[in-house]
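**Student:** Structure below; questions to follow.
The values are calculated or read from the model by the stated rules, or taken from the named source; none is laboratory data. If you're wondering where the values come from, they're calculated on a predicted model, not measured in any experiment. As a convention, Cβ positions derive from the backbone with ideal geometry for all residues, glycine included, and neighbour counts pool all protein chains shown. The accessibility values were calculated without ligands, DNA or RNA, using every heavy atom of the protein model including side chains. Shrake-Rupley method; radii C 1.70, N 1.55, O 1.52, S 1.80 Å.
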Amino acid sequence: MALTTQRTRYIAIFTIEDDILDKACEMLGQHLSESFGGVTIYSGEGCHGYWSENAHQYLNQYSANVHQEQVIIVQLSVLPELAQQALDVLQVTIAAICKDLNSSTRYVHVESEPVTAHHFKLDHKKSKAGD
């Protein structure tokens with residue numbers, strides 16, 4: 001039987017130094033899973049952001065001076081009634097982890113969208129040889 005629910009999905013993207021990447025992911029995963037039941041975190045090789053040096057401004061044209069940086073991408077889906085709490089927890093948690101690990105992270109990009117989540121349990125019954 002499938003379970004279907006409405007959720008608010010947050011995608012948070014921020015830069016992080018290579019030497020603290022694994023620890024930051026572990027800390028984020030632990031805290032957000034304890035708070036909301038689970039989280040998906042993308043990081044590591046091939047997970048890069050490209051930013052113009054003035055990307056934090058709202059301009060018609062951005063500087064050609066573009067930086068490539070290691071990023072963490074957090075995907076967190078919560079029930080709609082927990083949406084504001086989740087956003088607050090994301091902000092506080094990322095800030096605390098960056099402070100604890102002495103990261104130079106300054107900006108976090110967060111997007112949200114309503115989604116429909118579908119859950120089903122896999123039946124892992126083993127079949128006999130020849131079936």
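**Student:** Quick check on this structure: which one of Leu3, Leu28 is aliphatic (A, V, I, L, M), touching a strand residue (DSSP E or B) at 6+ places or on another chain (Cβ under 9 Å) and within 16 Å of Thr93 (Cβ to Cβ)?
**Tutor:** Working: Leu3 fails: within 16 Å of Thr93 (Cβ to Cβ).
Result: Leu28 is the single residue among Leu3, Leu28 that is aliphatic (A, V, I, L, M), touching a strand residue (DSSP E or B) at 6+ places or on another chain (Cβ under 9 Å) and within 16 Å of Thr93 (Cβ to Cβ).
**Student:** If I ask for residues that are acidic (Asp, Glu) and under 20 Å from Ala83 (Cα atoms), which ones from segment 94-119 would you list?
**Tutor:** In the first step, residues of segment 94-119 are kept if they are acidic (Asp, Glu); the result is 100, 111, 113.
Of everything in segment 94-119, those that are acidic (Asp, Glu) and under 20 Å from Ala83 (Cα atoms) turn out to be Glu111, Glu113.
**Student:** Being within 12 Å of Gln75 (Cβ to Cβ) and touching a residue at least 40 places away in the same chain (Cβ under 8 Å) is the filter; apply it to segment 9-56 and report the residue that is farthest from the chain's Cα centre (by Cα).
**Tutor:** Keep residues of segment 9-56 that are within 12 Å of Gln75 (Cβ to Cβ), which gives 9-13, 28-29, 32, 36, 38-43.
If we keep only those that are touching a residue at least 40 places away in the same chain (Cβ under 8 Å) too, we end up with 9-13, 28, 32, 36.
Values: Arg9: 10, Tyr10: 7, Ile11: 5, Ala12: 5, Ile13: 6, Leu28: 9, Leu32: 10, Phe36: 13 Å.
If we take residues in segment 9-56 being within 12 Å of Gln75 (Cβ to Cβ) and touching a residue at least 40 places away in the same chain (Cβ under 8 Å), then Phe36 is farthest from the chain's Cα centre (by Cα).
**Student:** Right, here's the next one. For the list (1) open to solvent by less than 50 Å² (accessible area, probe 1.4 Å); (2) touching a His at 6+ places or on another chain (Cβ under 6 Å); (3) over 17 Å from Ser104 (Cβ atoms), I need the number of the one condition that Thr4 fails.
**Tutor:** Only one criterion in (1) open to solvent by less than 50 Å² (accessible area, probe 1.4 Å); (2) touching a His at 6+ places or on another chain (Cβ under 6 Å); (3) over 17 Å from Ser104 (Cβ atoms) is unmet by Thr4, namely (1).
**Student:** Still on this structure, please answer the following. Any idea which of (1) polar (S, T, N, Q); (2) in contact with a strand residue (DSSP E or B) (Cβ under 7 Å, 6 or more places away or on another chain); (3) more than 23 Å from Val115 (Cα to Cα); (4) open to solvent by 50 Å² or more (accessible area, probe 1.4 Å) is the one Thr40 doesn't satisfy?
**Tutor:** Failed condition: (3).
**Student:** Report yes if Glu69 is open to solvent by 40 Å² or more (accessible area, probe 1.4 Å) and either touching a Pro at 6+ places or on another chain (Cβ under 9 Å) or more than 19 Å from Gly44 (Cα to Cα) (or both), otherwise no. Break it down into steps so the answer makes sense when it comes.
**Tutor:** Working: open to solvent by 40 Å² or more (accessible area, probe 1.4 Å): yes; either touching a Pro at 6+ places or on another chain (Cβ under 9 Å) or more than 19 Å from Gly44 (Cα to Cα) (or both): no.
Against the criterion (open to solvent by 40 Å² or more (accessible area, probe 1.4 Å) and either touching a Pro at 6+ places or on another chain (Cβ under 9 Å) or more than 19 Å from Gly44 (Cα to Cα) (or both)), Glu69 does not qualify.
**Student:** Oh, and also: If we keep just the residues of segment 109-131 that are modelled with pLDDT of 95 or more and of a type in the set (A, V, I, L, M), which is surrounded by the fewest Cβ atoms within 10 Å (Cβ to Cβ)?
**Tutor:** Out of the qualifying residues, it is Val115.
**Student:** Kindly indicate which of Leu82, Leu76 is under 24 Å from Arg9 (Cα atoms) and assigned to a strand (DSSP E or B). Working first, answer last.
**Tutor:** Numbers: Leu82 fails: assigned to a strand (DSSP E or B).
Sole residue among the options that is under 24 Å from Arg9 (Cα atoms) and assigned to a strand (DSSP E or B): Leu76.
**Student:** A further question on this structure: Please pick out the residue among Ser33, Ser43, Ser77 that is closer than 29 Å to Gln6 by Cα, touching a Cys at 6+ places or on another chain (Cβ under 8 Å) and not basic (Lys, Arg).
**Tutor:** On the way: Ser33 fails: touching a Cys at 6+ places or on another chain (Cβ under 8 Å); Ser77 fails: touching a Cys at 6+ places or on another chain (Cβ under 8 Å).
After ruling out the rest, the residue left standing is Ser43.
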